[in-house]
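Colleague: Once you've had a glance at the structure underneath, I'll fire off some questions.
The values are calculated or read from the model by the stated rules, or taken from the named source; none is laboratory data. Please read all numbers here as calculations on a predicted model, not as lab measurements. Ideal geometry is used to build each Cβ from the backbone, glycine not excepted, and the neighbour counts take in all protein chains shown.
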Amino acid sequence: MTIRKIVLIRHGQSTWNELNKFTGWHDAKLSKKGQEEAKKAAILLKKHKFFFDYAYTSMLQRAIHTLRYVLDELNQSWLLVKKSWRLNERHYGALEGLNKHEVAKKYGEKQVKLWRRSFNITPPLIDIEDNRFPGNDIRYSNMNIDNIPLGESLKTTAERVIPYWQKTIYPQLKNNKAILIVAHGNSLRALIQFLNKINNEEIIKLNIPTAKPIVFDFNEKYIPIKWYYL
């Protein structure tokens, strides 16, 4: 049986991860630890002789720079990289920029866990006049304003991630191309839930660590049959 593989990587630790803040669409840089994590992920992929035909990432630098470390280590800096807002982290709405511990003290650990991990519970939304509204960012100037989130659940994140997978990435897998996706905890959770048919109750348990390559094996019918951390 012919096995086809894709690799998923959550970006390395960001400066806002380090500060325990809700990050979302805020364009936090990789922390020093995050840079080292990205390099280790790259070395691991090189050790296992991975070579890619296509790479996909978000519009946020913590994912873009993690991908850059990987491609540099694999001597594939020339590879075509497609960036899309559809692979961005979920937008955390009014929680964005707040310390997770402080939010938990105010609202309770149970509520924060539901905001962070549940399928269809949306955090408090921001207003379009809020400085955190992504429509103020030039990188999203070509987007339809109706598509720019004020806050997202995993469900609404999946509603942008899965169509991108189906229309843009999956056809390349079916062309037998080796694919690397470097994105974020929740955009990857949405994709993994879809590929593995994880129900909405079980998905709350899934937490994806930073910069740990995840390999998905697909059979000759391009159906996922196994996934594991490298």
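Colleague: Scan segment 67-119 for residues that are farther than 20 Å from Arg189 by Cβ and touching a Pro at 6+ places or on another chain (Cβ under 7 Å) and jot them down.
Modeller: The one that is farther than 20 Å from Arg189 by Cβ and touching a Pro at 6+ places or on another chain (Cβ under 7 Å): Ala94.
Colleague: I've got another one for you. Would you say Leu173 is at pLDDT 95 or above, within 20 Å of His48 (Cβ to Cβ), of a type outside the set (Gly, Ala, Ser) and in a helix (DSSP H, G or I)?
Modeller: Yes.
Colleague: Do we have any residue at all in segment 52-75 that's more than 27 Å from Met143 (Cα to Cα), touching a Ser or Thr at 6+ places or on another chain (Cβ under 6 Å) and modelled with pLDDT of 95 or more?
Modeller: Checked segment 52-75: at least one residue is more than 27 Å from Met143 (Cα to Cα), touching a Ser or Thr at 6+ places or on another chain (Cβ under 6 Å) and modelled with pLDDT of 95 or more.
Colleague: If you check Phe119, Phe218, which single one turns out to be in contact with a strand residue (DSSP E or B) (Cβ under 7 Å, 6 or more places away or on another chain) and aromatic (Phe, Trp, Tyr)?
Modeller: None of the others qualify; the one that does is Phe218.
Colleague: Which residues, taken from segment 16-43, are hydroxyl-bearing (Ser, Thr, Tyr) and under 14 Å from Ala183 (Cβ atoms)?
Modeller: Thr23
Colleague: Specify the residue that is surrounded by the most Cβ atoms within 10 Å (Cβ to Cβ); the eligible residues are those in segment 194-204 that are free of Cβ contacts under 8 Å to residues at least 60 places away in the same chain and of a type outside the set (Asp, Glu).
Modeller: Among residues in segment 194-204 that are free of Cβ contacts under 8 Å to residues at least 60 places away in the same chain and of a type outside the set (Asp, Glu), the one surrounded by the most Cβ atoms within 10 Å (Cβ to Cβ) is Leu195.
Colleague: Could you list, ordered by first residue, the pairs with Cβ atoms under 6 Å in which the first is in segment 99-113 and at pLDDT 90 or above and the second is of a type in the set (D, E, K, R) and surrounded by 12 or more Cβ atoms within 10 Å (Cβ to Cβ), at least 6 apart or interchain?
Modeller: Asn99/Lys21
Colleague: Another question, if that's okay. Does segment 205-221 contain any residue that is within 28 Å of Gln76 (Cβ to Cβ), surrounded by fewer than 19 Cβ atoms within 10 Å (Cβ to Cβ) and of a type in the set (Phe, Trp, Tyr)?
Modeller: No, segment 205-221 contains no residue that is within 28 Å of Gln76 (Cβ to Cβ), surrounded by fewer than 19 Cβ atoms within 10 Å (Cβ to Cβ) and of a type in the set (Phe, Trp, Tyr).
Colleague: Further question on the same structure: Regarding segment 185-194, can at least one residue be identified that is part of a loop (DSSP other than H, G, I, E, B), under 20 Å from Arg68 (Cβ atoms) and not aromatic (Phe, Trp, Tyr)?
Modeller: no
Colleague: Quick check on Trp85: is it within 20 Å of Ala28 (Cα to Cα) and of a type outside the set (Gly, Ala, Ser)?
Modeller: yes
Colleague: With the condition kept exactly as written, say whether any residue in segment 29-39 is at pLDDT 95 or above and among the acidic types (Asp, Glu).
Modeller: Looking for residues that are at pLDDT 95 or above and among the acidic types (Asp, Glu), one finds at least one in segment 29-39, hence yes.
Colleague: Quick one: in segment 123-156, of everything that is in a helix (DSSP H, G or I) and hydroxyl-bearing (Ser, Thr, Tyr), which residue is surrounded by the fewest Cβ atoms within 10 Å (Cβ to Cβ)?
Modeller: Thr156
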